[in-house]
Every structure is written in C-alpha cells, then in structure tokens.
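Encoded as structure tokens, the structure appears first; notes follow it.
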Amino acid sequence: MRLRFRPVETSFYDHFSASAQHLVVGAGLLAEMLTEGADKESVATQMREAEHAADETTHTIVKQVNSTFVTPFDREDIYALASGLDDVMDMMDEAVDMVLLYEPKVLPAALLIGLAFGAVAMALTTYMRSWQDFELVTLSTLPMFLFSATFFPVTTYPGVLRWVVEATPLYRGVVLCRELTTGVVTWDSAVSVVYLVAMGLAGLLVARRRLDSLLLT
C-alpha cells in the first residue's frame, strides 16, 4: 500500500471539468443564437443561467484554493485557469446579449471580412522578424480606417483619391455591411464579396507556402 506524504486535494479537477462543461453548454447556446429562426429571448435567458452557474463554479474553485493547504499545482496557475475559463463564458454571454440587442443582419459579411483580413495578416506575420514589425500593422490600418468612408460618403473624395479608397479592402467591407444593413443591395456588394473572397484565398495561399518553407524545409 502506497503512503501519500503530501495530501493533495484532487477535487479541483472535478471543478475544472464542470467549468469546461459550462463552456460546452455556452458554446451550444451561442451557436443556437446564430441559427435562423431561433427564439433569441429564450436562448439569452438560458445563457444567463449558464453564465451564473459558471460563476458559481469559479467561486467554488477560488474558495477551495483559499482553504486548501496543498494544491495539485501552483495556486497562481489555478487562479489563472479558473479566471480564463470564466472569461470565456462571460464573453459568450456578452456575444449573446449583443445579438439580442442589435439583431445583426450582417454576420456572414462580418465573418467574410474577418476571414479576408485574418488570412492576409497571417501571411504578413510570416515575414516579420521582430515585435517592432507589428507597428507596421497600425501604420497601415489607421489610414485605411480613416479613409474607409465609414463616417462620410466616398463621393466627398476627389477623382483619383476616390478610386484609391474604393480599392481598399476595408472600404469594400464597409460597403457590404452598409448595403446589407439598409436593405439596398447593389452590384457594389457583389464586387465586395468577390474582392474579399479573393483576398482571403490569396492570404491563405501565401501563408501556407510561407509556413511550409519556414517549418518543413
């Protein structure tokens, strides 16, 4: 019979399993919230209940850490893990609340925009050699945002500058979201979809080739 000289409280693992299960429930509710014809009020209520249950589990973990002499791993790591799991649940709860509040009609467009920019960003990071290179991201996104015609119409720009603005990816995203929101869909939306899909595919292709060359050769 083995003797345990360091008594360790193992119920932490059960609590973390419960926290993970709360996240599974939350992810399912978030997915349901985004489906067509979902009862959003009911889903939001269920999400709030799931979030409260997750909070209770987190509080149980914290209380147990404070009252346990020997923990299965470092207390700081237990706090960090419990807090991280709780933060994920909070963010899913906030996402459900935002969907209920604003009833977004442009979610597919937002996902397409995110895919396009994310793919290009992933490709560009393969060329960066230091943290200072990330300053170039801000240097490019700030003027793109200011000249995206988010706050005023693109017609305010003169001739050539207007063409340049219309060729930027963020402007194409703004046009797509604006037309879907207002319900006035023109050929500009089709152009934007083709533009963003091509941008995303190009970014993924470059990223794949760069990662192959950097990691596999």
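Data for the structure
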quantity: Per-residue Cβ neighbour rank within 10 angstrom, fewest leading, Tyr171, Tyr79, Tyr195; calculated: Tyr79, Tyr195, Tyr171
quantity: Debye, to nearest 20: dipole size of the chain, +1 on Lys, Arg Cβ, -1 on Asp, Glu Cβ; calculated: 980
quantity: Inter-label distance for Glu135 and His52, nm, one decimal - labels placed 7 Å from Cα along Cα-to-Cβ; calculated: 5.0
quantity: Student exercise, the range 107-215 dipole from Lys, Arg, Asp, Glu Cβ charges, in Debye to nearest 20; calculated: 180
quantity: Charged-residue dipole, Cβ positions (Lys, Arg, Asp, Glu), the range 39-142 about Cα centre, Debye nearest 20; calculated: 400
quantity: Positive-end residue of His52, Asn66, Ala38, charge dipole of the range 11-102 with Cβ unit charges; calculated: Asn66
quantity: Hull-based mean projected area of the chain, where the convex hull spans the alpha carbons, in square nanometres; calculated: 19.4
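FYI, it's all coordinate maths here, none of it is from the lab. Note that the structure is a prediction, hence the values are computed from the model and not measured. Heads up, the Cβs are rebuilt from the backbone with ideal geometry, glycines too, and the neighbour counts pull from every protein chain shown.
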